[in-house]
Amino acid sequence: MGRPRVMGIVNVTPDSFSDGGRYVEPDAAVEHGRRLLADGADVLDIGGESTRPGATRPLVSEELDRVVPVIRELSRDAVVSVDTMRAEVAEAALAAGATIVNDVSGGLADPRILEVTAAADAVYVAMHWRAHSTRMADFATYDGPGGVVGTVAAELAERLEVVLAAGIDPGRVVLDPGLGFAKRGEHNWELLRDLDPVTALGQPVLVGASRKSFLGRLLADGGGAPRPVEEREHAHAAVVVHLAQQGVWGVRVHDVRATRDALAVVEALRGPTPVAPDREGRP
């Protein structure tokens, strides 16, 4: 595939920062997932735990009840990823039809998740992470050599060693720099400007910038109020173009259609694209 994979977000949660509560009922989540597929999603990422700053973790039983029915239904027609930090949830999701485990903790929150993923021969996404949502702001410091870019790459390299040692196939490991997780706005921009140290680790890279607060602050109004969540998509499309030019493996997004439109422009700029003539024969 000559473009990044588009991972469409299906938050089956009451409290996610962008769409919390909209798809908490299984039928609503399944319908939303099908719309994302129709818009061109390559993967559906189903999550039952909000990881927005300050979010409280649900009970394991709550998370299972949220995601398993949705995964069972959507995996009939789609490649499905489960967005979880818990081995028990990953195991149930894989049994229900998921083929990707998207772990924002990179195995730090629940190390057994690596064994579960290896046993299922599933794809594993390891994100850069330092602490749970209620505490991660306390760890947004990158004063060492290499700053945030060098530190994130080094810490991802450490996690990669652990992931591979657990028996997960190197060809099934994706890395994510973790924009917004224990990172301030300036850290996110620095990582976006220079992903080379992360891609140099030799694994595919997934990036999730969609609708995040650093975009809202960039687009703040004259009084300093951040742009509302659902009005950040134009800025995100520009980020998607930038990421595609850097050769990332995938982008995790809320608006699949806008993302596919941005990627179509990137593809057109890379080479000749047939254009249907108009009624007067003009291209």
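The values are calculated or read from the model by the stated rules, or taken from the named source; none is laboratory data. As the structure is a computational prediction, the values presented were derived from the model and not from experiment. Every residue, glycine as well, gets a Cβ built from its backbone with ideal geometry; the counts of neighbours run over all protein chains shown.
In the list ARG217, ARG232, which residue meets the criterion of being among the charged types (D, E, K, R) and either surrounded by fewer than 19 Cβ atoms within 10 Å (Cβ to Cβ) or in contact (Cβ under 8 Å) with a residue 24 or more places away in the chain (or both)?
Numbers: ARG232 fails: either surrounded by fewer than 19 Cβ atoms within 10 Å (Cβ to Cβ) or in contact (Cβ under 8 Å) with a residue 24 or more places away in the chain (or both).
Answer to the check: ARG217.
The condition (being closer than 28 Å to ALA165 by Cβ and part of a helix (DSSP H, G or I)) is satisfied by just one residue among ALA118, ALA109: ALA118.
Please enumerate the residues belonging to the stretch 198-211 that are assigned to a loop (DSSP other than H, G, I, E, B) and either in contact with a Phe, Trp or Tyr (Cβ under 8 Å, 6 or more places away or on another chain) or of a type in the set (Val, Ile, Thr) (or both). Across the stretch 198-211, the qualifying residues are PRO204, ARG211. The requirement of being in contact with a Gly (Cβ under 7 Å, 6 or more places away or on another chain), of a type outside the set (A, V, I, L, M) and outside any helix (DSSP H, G or I) is fulfilled somewhere in the stretch 133-142, by at least one residue. Taking the criterion of being buried (at least 23 other Cβ atoms within 10 Å of the Cβ) and either in contact with a Ser or Thr (Cβ under 8 Å, 6 or more places away or on another chain) or aliphatic (A, V, I, L, M) (or both), the residues of the stretch 101-115 that qualify are VAL101, ASN102, ASP103, VAL104, ILE113, LEU114.
With respect to VAL162, is the statement that it is touching a helix residue (DSSP H, G or I) at 6+ places or on another chain (Cβ under 9 Å) and either under 15 Å from ILE113 (Cα atoms) or part of a loop (DSSP other than H, G, I, E, B) (or both) true? Yes. Please work out which residue is surrounded by the most Cβ atoms within 10 Å (Cβ to Cβ), limiting yourself to the stretch 74-97 and to residues that are acidic (Asp, Glu) and not in a helix (DSSP H, G or I). Among those that are acidic (Asp, Glu) and not in a helix (DSSP H, G or I), it is ASP83. None of THR151, THR199 is in contact with a strand residue (DSSP E or B) (Cβ under 9 Å, 6 or more places away or on another chain), at pLDDT 95 or above, hydroxyl-bearing (Ser, Thr, Tyr) and buried (at least 16 other Cβ atoms within 10 Å of the Cβ) except THR199. When ARG172, ARG159 are screened for being crowded, with 21+ Cβ neighbours inside 10 Å, under 25 Å from LEU44 (Cβ atoms) and basic (Lys, Arg), only ARG159 passes. Only one residue in ILE71, ILE46 is without any contact (Cβ under 8 Å) to a residue 60 or more places away in the chain, buried (at least 22 other Cβ atoms within 10 Å of the Cβ), part of a helix (DSSP H, G or I) and within 18 Å of the chain's Cα centre (by Cα). Which one? Result: ILE71 is the single residue among ILE71, ILE46 that is without any contact (Cβ under 8 Å) to a residue 60 or more places away in the chain, buried (at least 22 other Cβ atoms within 10 Å of the Cβ), part of a helix (DSSP H, G or I) and within 18 Å of the chain's Cα centre (by Cα). Scan the stretch 187-194 and give yes if some residue there is surrounded by 14 or more Cβ atoms within 10 Å (Cβ to Cβ) and either at pLDDT below 95 or under 20 Å from ALA55 (Cβ atoms) (or both), otherwise no. Within the stretch 187-194, one or more residues are surrounded by 14 or more Cβ atoms within 10 Å (Cβ to Cβ) and either at pLDDT below 95 or under 20 Å from ALA55 (Cβ atoms) (or both).
Looking only at residues in the stretch 42-61 that are among the acidic types (Asp, Glu) and at pLDDT 95 or above, which one is farthest from ALA209 (Cα to Cα)? Restricting to residues being among the acidic types (Asp, Glu) and at pLDDT 95 or above, the top hit is ASP42.
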